[in-house]
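Below is one structure, written out as structure tokens; the observations come after it.
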Amino acid sequence: MELSVLNIKGQETGKKVVLNDAVFGIEPNDHAIYLDVKQYLADQRQGTAKSKERSEMSGSTRKLGRQKGGGGARRGDINSPVLVGGARVFGPKPRDYSFKLNKKVKALARRSALTYKVNEGALVVVEDFELETPRTKSFKEILAALKLEGKKVLMVTPGANKNIYLSARNLPEAKVSAACNVNTYSVLNAGVVVMTESALQNIETVLTK
């Protein structure tokens, strides 16, 4: 499949790029996408939730009532889980939510996500560009020229680009990522994926290994 290369003014440059079918034209694997997104979201969890158990409560350990004849449950001390303000049974404990996922599955998920974007017509290729200084207004002008205002945009650069990253940081609908850091979640979460020519080459190189 061929795509026209645009410049940052939204004009066609006359160049075209041929997308690698091994990356952008596969049969999408939804289960691989599910696993990769699940792992990504699991990695974002802090896992610091904690509730106090009975032995960790600071209340008195005196038995509140006699064992039999009270007409109710044998509640024990004031830290009993059946009382308001008491401990919690089987409450959350600090834990690590991350899990291992094979590299081949992750690569398949990324190729599947990119294929979906191509099929939806939500992939835009622009020629390589630089911003002399970090400026949000400049980045917004680029989005406007590409007719992407108001859309969730993922801008993919060939490597870490500080000026472009800082220019987009204050825009909630725009994200910037280096090609090596593109993940399934960020691709699917974006309405449109914008790649520079060099970033496209980098992604194809990484995902066809």
State whether the residues of the stretch 1-11 include one that is among the hydrophobic types (A, V, I, L, M, F, W, C), within 22 Å of Thr196 (Cα to Cα) and touching a Gly at 6+ places or on another chain (Cβ under 7 Å).
yes
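In the stretch 41-80, which residues are under 30 Å from Thr184 (Cβ atoms) and either without any contact (Cβ under 8 Å) to a residue 24 or more places away in the chain or outside any loop (DSSP other than H, G, I, E, B) (or both)?
Of the stretch 41-80, the ones under 30 Å from Thr184 (Cβ atoms) are 41-49.
Scanning the stretch 41-80 gives Leu41, Ala42, Asp43, Gln44, Gln46.
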List the number of the failed condition for Lys104; all other conditions in (1) under 22 Å from Asn202 (Cα atoms); (2) open to solvent by 90 Å² or more (accessible area, probe 1.4 Å); (3) in contact with an Asp or Glu (Cβ under 8 Å, 6 or more places away or on another chain) hold.
(3)
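Given the criteria farther than 27 Å from Val206 by Cα and out of contact with any Lys or Arg (no Cβ under 6 Å at 6 or more places or on another chain), does Lys137 qualify? Steps first, answer last, please.
Values: farther than 27 Å from Val206 by Cα: yes; out of contact with any Lys or Arg (no Cβ under 6 Å at 6 or more places or on another chain): yes.
It is true that Lys137 is farther than 27 Å from Val206 by Cα and out of contact with any Lys or Arg (no Cβ under 6 Å at 6 or more places or on another chain).
Residues in the stretch 102-118: is at least one touching a Lys or Arg at 6+ places or on another chain (Cβ under 6 Å), more than 20 Å from Glu12 (Cβ to Cβ) and among the polar types (S, T, N, Q)?
Of all residues in the stretch 102-118, those touching a Lys or Arg at 6+ places or on another chain (Cβ under 6 Å) come to none.
Within the stretch 102-118 (the criterion being touching a Lys or Arg at 6+ places or on another chain (Cβ under 6 Å), more than 20 Å from Glu12 (Cβ to Cβ) and among the polar types (S, T, N, Q)), the answer is no, since none of the residues qualifies.
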The lone exception for Leu83 - which of (1) open to solvent by 70 Å² or more (accessible area, probe 1.4 Å); (2) without any contact (Cβ under 8 Å) to a residue 24 or more places away in the chain; (3) not small (Gly, Ala, Ser) it fails
(1)
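Can you pull out every residue in the stretch 1-40 that is of a type in the set (Lys, Arg) and either part of a strand (DSSP E or B) or buried (at least 18 other Cβ atoms within 10 Å of the Cβ) (or both)? It would help to see each step written out before you state the result.
Residues of the stretch 1-40 of a type in the set (Lys, Arg): 9, 15-16, 38.
If the condition is that a residue be of a type in the set (Lys, Arg) and either part of a strand (DSSP E or B) or buried (at least 18 other Cβ atoms within 10 Å of the Cβ) (or both), then Lys15, Lys16 are the ones that fit.
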Hey, can you tell me all the residues within the stretch 107-126 that are buried (at least 20 other Cβ atoms within 10 Å of the Cβ), in contact with a Phe, Trp or Tyr (Cβ under 6 Å, 6 or more places away or on another chain) and either among the aliphatic types (A, V, I, L, M) or modelled with pLDDT under 95 (or both)?
Leu114
Where Gly150 falls short, out of the listed (1) modelled with pLDDT of 90 or more; (2) open to solvent by 40 Å² or more (accessible area, probe 1.4 Å); (3) not aliphatic (A, V, I, L, M):
(1)
Restricting the search to the stretch 171-209, which residues are open to solvent by 70 Å² or more (accessible area, probe 1.4 Å), free of Cβ contacts under 8 Å to residues at least 24 places away in the same chain and under 18 Å from the mean Cα position of the chain (by Cα)?
Pro172, Lys175, Asn181
Using the structure shown, decide if Lys52 is open to solvent by 50 Å² or more (accessible area, probe 1.4 Å), charged (D, E, K, R), under 21 Å from the mean Cα position of the chain (by Cα) and modelled with pLDDT of 90 or more.
no
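The values are calculated or read from the model by the stated rules, or taken from the named source; none is laboratory data. Just so we're clear, the structure is a prediction, and the values are computed from it rather than from any experiment. Neighbour counts are summed over all protein chains in view; Cβ atoms, including those assigned to glycine, are modelled from backbone coordinates with ideal geometry. When the accessible area is computed, the model is the full protein with side chains, heavy atoms only, and any ligands, DNA or RNA have been set aside. Shrake-Rupley method; radii C 1.70, N 1.55, O 1.52, S 1.80 Å.
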